[in-house]
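Single-structure report; data block below.
The values are calculated or read from the model by the stated rules, or taken from the named source; none is laboratory data. Given the structure is predicted, the values throughout are model-derived calculations rather than measurements. Neighbour counts run over all protein chains shown; Cβ positions are idealised from the backbone, glycine included.
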């Protein structure tokens, strides 16, 4: 209706008249519409559609240098860059209304890529975390977030707060350009106390930890076990020798697998996924809590679940010898590795054993299975392994990219302080589960697309030619060509490069570089394919206990299986909501990843304080004008060798070849080069680790090739890491106790 009024908009009274509603009845609806960027209120009181008024609505992401980048809410048009002075009081994550600047090009006015914030439509959060300083005139809080360049003035708390203690503050007033005003809600602890790093990061990123009382009450009202009435319309598969395969520390089991001999030497595979949608209904308190979280968050030694424990570790977890409700995907894997005759249905089944990756790997490698396994499990595992090998070979033939990057596994003492790190195992059993989950995800994506049913899809776009060009330049330095048109480069070419560098000393570094050149996968209500997997059909279906998009997919799959159809008007509403869920889910996924990185970085910095003066081997992962970034080989910690410590020579930065060249000695430092470093210290402000190079004798150096002088360009990418940050206090390490392991659950890798 608003579109009919054009850019001048309509008053609430006029809208109420047209809808035959009482005056004033639309205020709440219009406010909600503005919070969702559907409509916006103008200063004259009239309401208009954003695009008709020349505005762009989107979420702003701020950089370390204070710039904002606004991506339009529905992916329409290019991103808008907002300079710091034009952000006004908008902060990272806010939904904002932006007015593009215009410039004159060849006699015509065209929209520029820059803009300014006109209005904040919805705040991403109302609280800020920082360190408290009890100034006698005006107490204030120094924000923890490196992207927030202003203080928060607070009232004197009516409870004790120590100087420098981390606190959570609710913002009561957003100034246009000056400091914020707020009130201290609670204390989070002093730096150096156990668990403070996790509490600070979770609170800073706005990750909910406690569930709303309504959600907990709703969970408690659920049954403790599967009831007879729950079985209606389900296929009974309780006779199958299905098993779960997870890591030793896993507590929630949302997938189980089983296989049988199929026709024509095919393998018949059943993938059982916990039917969370049977218990968590749309718009219920549990559903809204899960939607807000978006995903479970895995920190070293701690998990913040998406669903309450009664569901995640109980009723929905596929524990052994308990009846469980499931969505089952059944398919045949042909000898050529193709998926045939796939179907999905609701079922009830019973897991016969909880297996771990370690034991399944040992059984498959030895070709022997323990005698106490339930009947049929050993044969099923052999067939599952065969099916996975076929699927993997077929994926490789179609050009799918396989990254086998080592993952660090942080070791903690009972108080949560890091005591060491090791490479997490990744073996044949991990790949078995990953292949089966990918196959199930592809099959369900095809069902929704061919069934003309809406859904949330996992989309991985083609990498940008610019990033590929940068990658190409680095690969040429190592004698590995990247061939083909960068605009249309197939994933198979990157897989060829990965195969070419296998076994080389710089393999891990180049693998990481290739991974960084790829676009970030995201959730969208449109099936646009997955570049890395080289498939046109993909979504996430296999982890509904810990990922909200999977739960949504289950609901639409049930809708399809029941033969229901949406009318055009219903479909329009559904797709609008799916777009919002997709954007929220992509955000919560990035938020969870950021939380994990930040906590790991904090723990690593604390750990390295005791390593000052020690020497380590590593590889150069970044070369910039101000120095080298080096990742240690044994403990996966990255640090900076600042150019000021390289006092043996004056080094020239060659950006295009990613290297520093000594003008007198001819020393060359390139991406991927092995180096030996000494730990100088830990920067308390940025939590960055500082290294110094241990230089080899000059006679072992290769001469520096002549190169034309280049004008130095501003450092990009990792350059911000050396400049940003807020002060961190020292945390004294407790005495070492029995170690415990904090690993990323292997199930998080399933289905990509």
Practice problem: May I ask you to verify whether residue 250 is in the same structural domain as residue 350 (by TED's automatic domain parsing), on the phi < 0 side of the Ramachandran plot and modelled with pLDDT of 95 or more? | Solution: no
Practice problem: Name every residue in region 547-600 that is closer than 27 Å to residue 71 by Cα and outside any helix (DSSP H, G or I), in order of residue number. | Solution: 547
Quiz item: For region 147-166, which residues satisfy the criterion of being at pLDDT below 90 and in contact with a helix residue (DSSP H, G or I) (Cβ under 9 Å, 6 or more places away or on another chain)?
Solution: 149
Quiz prompt | Residue count, region 87-112 (criterion: at pLDDT 80 or above and assigned to a strand (DSSP E or B)) | solution = 6
Exercise. May I ask you to say which residue of 493, 526 is under 21 Å from residue 398 (Cβ atoms) and either part of a helix (DSSP H, G or I) or touching a residue at least 24 places away in the same chain (Cβ under 8 Å) (or both)?
Key: 493
Quiz item: When region 189-215 is examined, which residues are found to be buried (at least 17 other Cβ atoms within 10 Å of the Cβ), over 24 Å from the mean Cα position of the chain (by Cα) and at pLDDT 95 or above?
Solution: 215
Practice problem: Return the residue satisfying two criteria in turn: it lies in region 628-654 and is modelled with pLDDT under 90 and crowded, with 18+ Cβ neighbours inside 10 Å, and of such residues it is farthest from residue 476 (Cα to Cα). | Solution: 635
Quiz item: Of all residues in region 187-200, how many are touching a helix residue (DSSP H, G or I) at 6+ places or on another chain (Cβ under 9 Å) and in a strand (DSSP E or B)?
Solution: 2
Exercise. Check off (1) out of contact with any helix residue (DSSP H, G or I) (no Cβ under 6 Å at 6 or more places or on another chain); (2) buried (at least 16 other Cβ atoms within 10 Å of the Cβ) for residue 397 and give me the number that stays unchecked.
Key: (2)
Quiz item: Of all residues in region 360-378, which are in contact (Cβ under 8 Å) with a residue 60 or more places away in the chain, loosely packed, with under 15 Cβ neighbours inside 10 Å and either assigned to a helix (DSSP H, G or I) or under 31 Å from the mean Cα position of the chain (by Cα) (or both)?
Solution: 365
Quiz item: If a residue has to be under 27 Å from residue 434 (Cβ atoms), touching a strand residue (DSSP E or B) at 6+ places or on another chain (Cβ under 7 Å) and assigned to a loop (DSSP other than H, G, I, E, B) to count, how many in region 222-261 make the cut?
Solution: 10
Exercise. Working only within region 443-464, note down all residues that are buried (at least 24 other Cβ atoms within 10 Å of the Cβ) and under 22 Å from the mean Cα position of the chain (by Cα).
Key: 445, 455, 456, 457, 458
Quiz item: Among (1) at pLDDT 90 or above; (2) over 26 Å from the mean Cα position of the chain (by Cα); (3) surrounded by 14 or more Cβ atoms within 10 Å (Cβ to Cβ), where does residue 493 come up short?
Solution: (2)
Quiz prompt | Pair list, Cβ < 6 Å and 6+ apart or interchain, from region 585-609 residues that are within 22 Å of residue 290 (Cβ to Cβ) to residues that are assigned to a helix (DSSP H, G or I) | solution = 585/548; 585/549; 595/201
Quiz prompt | Number of the condition not met by residue 467 [criteria: (1) more than 21 Å from the chain's Cα centre (by Cα); (2) in a helix (DSSP H, G or I)] | solution = (1)
